[in-house]
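Here's the structure, in structure tokens; my notes come after.
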Amino acid sequence: MTQEKYDLVVLGGGISGYSAAIRAAQLGKKVAIVEKAELGGTCLHKGCIPTKSFLKSADTYQLIQHADAYGISTSTPSFNFSKVQERKQRIVDTMHNGLQMLIKQKKIDVFNGTGRLLGPSIFSPQSGTVSVTYDNGESELLTNDYVLIATGSSPATLPFLQIDHQRVVTSDDLLAMSTLPDSITIIGAGVIGLEFASFFSQVGVDVHVIEAAENIRINNSDAVSQQLLKSLSARGVTFHTGIALNDDNISVSDTNVTFDLDTTITTDMALVAIGRRPNISDLGLSNTEVVVTAQQTIEVNEFMQTKAPHIYASGDVIGHLQLAHVGAKEGVIAVEHMFQHNPIAIDYNMMPKCIYTTPEVAAIGLSAETAKAQGYDVKTVKAAFQMNGKAMIMSPHTPEGFAELVIDQANGTIIGANLIGQNVTEQINELSVLQFLNGSALELGMATHAHPSMSELLMELGLKYENQAIHL
Ligand SMILES: Cc1cc2nc3c(=O)[nH]c(=O)nc-3n(C[C@H](O)[C@H](O)[C@H](O)COP(=O)(O)OP(=O)(O)OC[C@H]3O[C@@H](n4cnc5c(N)ncnc54)[C@H](O)[C@@H]3O)c2cc1C
């Protein structure tokens, strides 16, 4: 069956795809989303939201264990993982229902099947008609003026280590597990690996992290990397760096996974967290002029347009910065470009990058190291959160972490920031606004910040650049 022609068909109902669909509906367009699983995609069901719910439970558990430091006596707390799972699922389900209502309100048609692009045919002289196949084997065609490919990504795997979903798992498996392991080895010290390391170490699981690189570099900052590794190590995470894993040094049994390195590590399970690969297979791309890069991402221009001018792509499938808010932004830019709404091209330097470990990590723009390498004459101003009253109040002991601003000495504008500490994933948004407005260190310093607040430290850093800080 062929439906009435759509202005836009979006392949994939994750955050990039549904944000694009909603923006197109706002512009008065007739829009369809083809989604083979659930609206909300990775972020809502297997990524941002469920992991942060886990991390909040673990953080609360830690806080209660430190209750004494706040003058509160408690009995020994216990971590009830099935209740933690229930809470996570409740949050996900509530948000999923809200999203479904939103999509319905916007009168966006949702086709719950697998989409594939067709070449030119009797239905359309241009490539890009979407064929939707349903679980029952039936299919239908969606003709359109434009297509947005937003099919996301899936966990990357190692060729010599089969994911069995019991002993060797991905992040998807961990989010669905019913009991906690006693011990785990995490392969890969990227964002996902480190967030799980933080979670497990906070709830008493013995954690090893194996990383291929000699040095773990977080957000391109040595200082942030050192601080985070120190904090995680202090909570019992053991790091093994510069390790080349292969067939010979891993063995999997029914009960555990063993790594034969300089020392032998045996843990209940292993998490493979070595990155995500774009979902591009079986999309029918060869029926179109869409170009796939050597990294197996879809090639797009600054407005998310592929080499086929009526086909756009956004989100994890283009692989620029695999973050939810970046995917959402890319989707909106794609739609505004296809419907002549003159979007501002995306500037990846303006995208906040956060890690929700304890302590949290957040960055925007250039690190001092990168800025210098790019020829900027920069000055960095830095201060520890232990200088800040609110941070002292919030933390059970001496507050961890620091904030650092990277300032272009040519004009005083802030071109980067690196933060590590409590709640910095909220504070970074202030710097995002400031960077968007081309704000300077002086402007940040002149804007009065409420006292006591952790972001006062940012104000003080702005003033420090001008030699006007009161407390630093
Ligand atoms: C464990 C984990 C934690 C994360 N935490 C964060 C975080 O805290 N903050 C952050 O910014 N990012 C985080 N991310 C990354 C974030 O989830 C992704 O960047 C984001 O979900 C990408 O959105 P997307 O719309 O491009 O793709 P997806 O969300 O993957 O959506 C793609 C959708 O397309 C569907 N699909 C695929 N192929 C087809 C097809 N042929 N036909 C129909 N449908 C199809 C899929 O079912 C899926 O629903 C995390 C990721 C993981 C795995």
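Some notes on this structure:
- By the rule of a C-alpha distance below 18 Å, with chain neighbours fewer than 8 residues away ignored, the lysines paired with Lys382 are Lys372, Lys390, Lys464.
- For the stretch 157-274, the calculated P(r) over all alpha carbon pairs, in 10 Å bins from 0 to the bin holding the longest distance, is 14, 51, 31, 5, 0 percent.
- For the chain, the membrane-span-like helix rule (DSSP H, alpha carbon extent of at least 20 Å along the helix axis, mean Kyte-Doolittle at least 0.0) picks out 324-338; this says nothing about an actual membrane.
- Loop sites in the stretch 1-78: GluC sites (Glu not before Pro), DSSP, at most 13 other Cβ within 10 Å: Glu4
- Rg and Dmax [Cα atoms of the stretch 132-200; Å; Rg one decimal, Dmax integer]: 18.0, 54
- Unit charges on C-beta of K, R, D, E only; dipole of the chain, Debye: 1000
- Sites Ala212 and Glu302 - FRET efficiency at Förster radius 25 Å, r taken between beta-carbons, to 0.05: 0.20
- Nearby aspartates and glutamates by direct alpha-carbon distance to Lys52 (threshold 12 angstrom, same-chain neighbours under 8 apart not counted): Glu195, Glu360
- Straight-line cross-link partners of Lys307 among the aspartates and glutamates, defined as a Cα under 15 Å from its Cα and at least 8 positions apart when in the same chain: Glu289, Glu299.
- Full extension of the chain between Gln409 and His341 gives 20.9 nm of extra length, using 0.36 nm per residue less the Cα-Cα distance.
- Relative contact order of the stretch 91-197: 12 percent, from C-alpha pairs under 8 Å at least 6 residues apart in sequence.
- The magnitude of the dipole of the stretch 238-354, with charges of +1 and -1 set on the Cβ of Lys/Arg and Asp/Glu and taken from the Cα centre, is near 460 debye.
- Taking every alpha-carbon pair under 8 Å whose residues sit at least 6 apart, the chain reaches a relative contact order of 14 percent.
- The stretch 359-465: equivalent-ellipsoid semi-axes (sqrt of 5 x gyration tensor eigenvalues, Cα, Å): 23, 15, 11
- Binned Cα-Cα distance frequencies in the chain - 20 Å width, integer %: 22, 51, 26, 1
- Counting only DSSP beta bridges with both residues in the chain, the antiparallel share comes to about 60 percent.
- Long pairs among Lys36/Lys88; Lys29/Lys104; Lys36/Lys329; Lys83/Lys353, criterion Cα-Cα beyond 26 Å: Lys83/Lys353
- Dipole of the stretch 266-416 computed with +1 at Lys/Arg Cβ and -1 at Asp/Glu Cβ about the Cα centre; of Ile364, Thr288, Asn411, farthest Cα towards the positive end is Asn411.
- Of all accessible heavy-atom area on the stretch 239-363, the percent that carbon and sulfur account for (1.4 Å): 47
- With the helix formula -39500 (n - 2.57) applied to DSSP H stretches of n ≥ 4, the chain reaches a computed 222 nm mean residue ellipticity of -9500 deg cm²/dmol.
The values are calculated or read from the model by the stated rules, or taken from the named source; none is laboratory data. Only a predicted model underlies this, so the values are computations on that prediction, with no experimental measurement involved. Glycine also receives a Cβ, built like all others from the backbone with ideal geometry; neighbour counts cover every protein chain displayed. Each accessible area value is taken on the protein alone, full model and side chains, heavy atoms only, with ligands, DNA and RNA left out. Shrake-Rupley method; radii C 1.70, N 1.55, O 1.52, S 1.80 Å.
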